[in-house]
Each structure stands twice: as structure tokens, then as C-alpha cells.
Amino acid sequence: MILRDFRDRGLALKASKEIGDMASTLGKVKIMHVCGTHEDTITRFGIRSLLPENVEVISGPGCPVCVTTNREIDEAISLAQKGITVTTFGDMLRVPGSRSSLADSKADGNDVRIVYSVTDAVEIAHKNPEKEVAHIAIGFETTIPSNAVALQDAPENFSILCCHRLIPPAMELLLESHEVRIDGFIDPGHVSAIIGVKPYRPLAEKYRIPHVIVGFEPLDVLFSIIMLLEMIKNHECEVRNEYSRVVKEEGNQKALSIMDAVFEPCDVDWRGFPVIPRSGLMLRERFAEHDARERFELRVEPTEDLRGCRCSDVLKGLIYPRECPLFGKACTPKKPVGPCMVSAEGACSIMYRHTS
Ligand code: SF4
């Protein structure tokens, strides 16, 4: 199949009919995905409109900017206020912390710069040896390897504020908490290209939930729903790989070993979630001098989420963005209240862009 075929309307309608036929033998089915790119495909191509009433696909904590906490934004602002050059991806600039954002800090005259990759940030540090440069390192398993590579050869005046997070522990917390019903998981294709198939197996076995690793075209998603319904119907709890054109059983061993050389797991809270064991990363002792938290003695207390913003519920799959009373009224991409409306990968921003 060539890429164009993954958007074939006729095949999509056939898949939709097959989903309808299979679902007619089942009760209510709730499937969760944990990836902003999947949410974009699902909303942009109207996948939910092709599903029968008893099959629901909900969005979980799949946007790295959105799960970053107020405390981490406040830490980044505190770095800028200390006179340190702070580099960040554009999406992070407008995410509100407890009182303000990095954009406000930049407007106040602090040195906050947008970069397109960590390499750009390291380059700034190389060119300005008299300055301290701290990069806000966000992202899941997909982006962690590039930061790990950059740190192996970083100049002495370069550090990171590590805000990385790992996806499987968050999936486990969702299953453990029973706050939201989940009958099957659409596993993230990009993350799985790094970690492979194996990390999902203990979850599938322990919680008796089927998983399918899925690509990003509309037919990838529809095929994965068929695969999940088939497993649900047959009471099978396996991990199947719909995205085998990219994801290999063992993942990307080189990327995993670079990650492991630089980072070690730690417990961390996510926006909307309590502290999730081993879901974050910290720098190993050998790289401690590049840890901005230690280097600049950041001591920032956690704070409550903004009043009225329901990003926490959106990230846990408890509500759809439109169920937030602020959606499209007080909160729009031009004037976002919460991070889910700021980031291009946020469920609220995706819903607003494609359906408003
Ligand atoms: S619509 Fe805005 S305020 Fe409501 S959950 Fe989404 S980002 Fe938060």
C-alpha cells in the first residue's frame, strides 16, 4: 500500500462498515489514544463520525506541552529572571505558569529565545561562552534521544531544564486509577518507533487490555479500531503492530542506549495527574553539571491549575474539549487559557482548528 492509499475514501467507508458490523455484537467500547498526532488525524478526517454510537475514541495525555506543569513553567521563568538565556520550542512560549508565561517574561526584557531544535540551543551556547544557556527539554520518548545526543558534547555553559516524560507509566496510572473506562489502547506510533512493542506487553497482560500500535493516516486509525474490536470480541489481550512499516519489535536500540547513558527514570507529576512513579527523567550523575535545576538552585513550589480551565480532565480523557465551558469563548488559540489550547498537539487547539 502506498501512502495515498491510507486516505482512500472507499476503503475508509468499507472499514467504517466493518467497524459497525463488529460493534453490533458488542456493548459500549471506549478506546483511548495518547498522542496529539493521532488526535489531529481523528479530528481532521472526521473519524469519530464514521464510528457507531457504542464505539468511542478518547484522547489521553498525548501532548508533551500540555502535560508540563505550572511548576516547570515557573522554573523556566525563574531561569530567565536570573539572567540566563532560556531556549524553548515555540509552543511553550505562551503556556501559562502559575502567574505568567515565558512570553510575558520575554516581553519584560528577559532573554527567551525560540529554537527549532536542541542543536540550535547548543549552538547559541557555543557562540556565547560568556552566557549561561538553559534549554527547556520537553517531550516524550520521541524527542529524548536528540537531547541525549546534544548533551554528550555540550559546552560547559549549556544546561537543560529536564521536563521529559515517559508514556507507558502514564498509561499504567490511567489503568490503575479506574477514573476513566478504557477497553483498548491505540499506542503512539512515534513513541513506539523508539521503544518498540515490548513495553506495552506487561500492561496488556496485567490489565487485560488489548493494544494496537498505530500509524497516523486515517486508514491506520480505522484499521486499528477493527483490530481492537476483534481482540475485545475474542477476549484477547495482545499488543499488535499496525504500524510495522515503521515500528520494529525491539524499537530503536541505538536511541534507547543513548537515552539510557544520559538519563535515568524518576518520579514526576504531570498536569492533571499525581506523581507517576518512574514516568520522568533526570540526568545521570555524569551529566549533573548540565542540570539547570541543580546548577541554578531552582526551588519552585507546585501550584494549582488555573481556575475554570479543565485541561486536567481533557488530558485524562474524562471530557471532550467542547465540554469545557471556556472552549471557544474565553479560551481560543488567539487567547488561550490553558495549555491544551496553546499547543498544536493539544486536544482543545485541534478541536478548535478543525471544527470551529
Ligand atoms: S478549552 Fe481552554 S480552558 Fe478549557 S480545557 Fe481547553 S485549554 Fe483548558
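None of the figures in this text is laboratory data; all of them are computed from the coordinates on show. If you're wondering where the values come from, they're calculated on a predicted model, not measured in any experiment. Ideal geometry is used to build each Cβ from the backbone, glycine not excepted, and the neighbour counts take in all protein chains shown.
When ARG293, ARG271, ARG245, ARG284 are screened for being basic (Lys, Arg) and under 28 Å from LEU175 (Cα atoms), only ARG271 passes.
Being away from the ligand (no atom under 12 Å from the Cβ) and either assigned to a helix (DSSP H, G or I) or closer than 16 Å to ILE160 by Cβ (or both) is the requirement here; does ARG353 meet it? In short, yes.
Among SER49, SER24, SER59, which is the only one that is farther than 19 Å from CYS163 by Cβ, of a type outside the set (A, V, I, L, M, F, W, C) and without any contact (Cβ under 8 Å) to a residue 24 or more places away in the chain? Sole residue among the options that is farther than 19 Å from CYS163 by Cβ, of a type outside the set (A, V, I, L, M, F, W, C) and without any contact (Cβ under 8 Å) to a residue 24 or more places away in the chain: SER49. If you check ARG99 against the conditions, is it under 25 Å from SER312 (Cβ atoms) and either in a helix (DSSP H, G or I) or among the aliphatic types (A, V, I, L, M) (or both)? Considered against the rule, which asks whether it is under 25 Å from SER312 (Cβ atoms) and either in a helix (DSSP H, G or I) or among the aliphatic types (A, V, I, L, M) (or both), ARG99 comes out as no.
Taking the stretch 277-334, which residues are on the phi > 0 side of the Ramachandran plot and more than 12 Å from the ligand (Cβ to nearest atom)? Result: ARG278, GLU297, GLY317. Cβ-Cβ contacts under 8 Å between residues 6 or more apart (or on different chains), taken from a first residue in the stretch 324-336 that is over 20 Å from GLY97 (Cα atoms) to a second residue that is more than 6 Å from the ligand (Cβ to nearest atom) and charged (D, E, K, R), are listed as GLY328/ARG322.
Against the numbered list (1) surrounded by fewer than 22 Cβ atoms within 10 Å (Cβ to Cβ); (2) of a type in the set (D, E, K, R); (3) free of Cβ contacts under 8 Å to residues at least 40 places away in the same chain, ARG310 comes up short only at (1). Applying the selection to the stretch 274-300, what residues are touching a Lys or Arg at 6+ places or on another chain (Cβ under 7 Å) and either among the aliphatic types (A, V, I, L, M) or more than 18 Å from ILE136 (Cα to Cα) (or both)? Once the filter is applied, which keeps residues that are touching a Lys or Arg at 6+ places or on another chain (Cβ under 7 Å) and either among the aliphatic types (A, V, I, L, M) or more than 18 Å from ILE136 (Cα to Cα) (or both), the stretch 274-300 yields only VAL300.
With respect to the conditions (1) assigned to a loop (DSSP other than H, G, I, E, B); (2) touching a Pro at 6+ places or on another chain (Cβ under 8 Å), GLY109 falls short on a single one, namely (2). Select, from ILE73, ILE84, the only residue that is free of Cβ contacts under 8 Å to residues at least 40 places away in the same chain and either crowded, with 19+ Cβ neighbours inside 10 Å or of a type in the set (Ser, Thr, Tyr) (or both). Going through ILE73, ILE84 in turn, the sole match is ILE73.
The listed residues are VAL300, VAL262, VAL337, VAL314, and the only one of them that is closer than 30 Å to VAL29 by Cα and of a type in the set (A, V, I, L, M) turns out to be VAL314.
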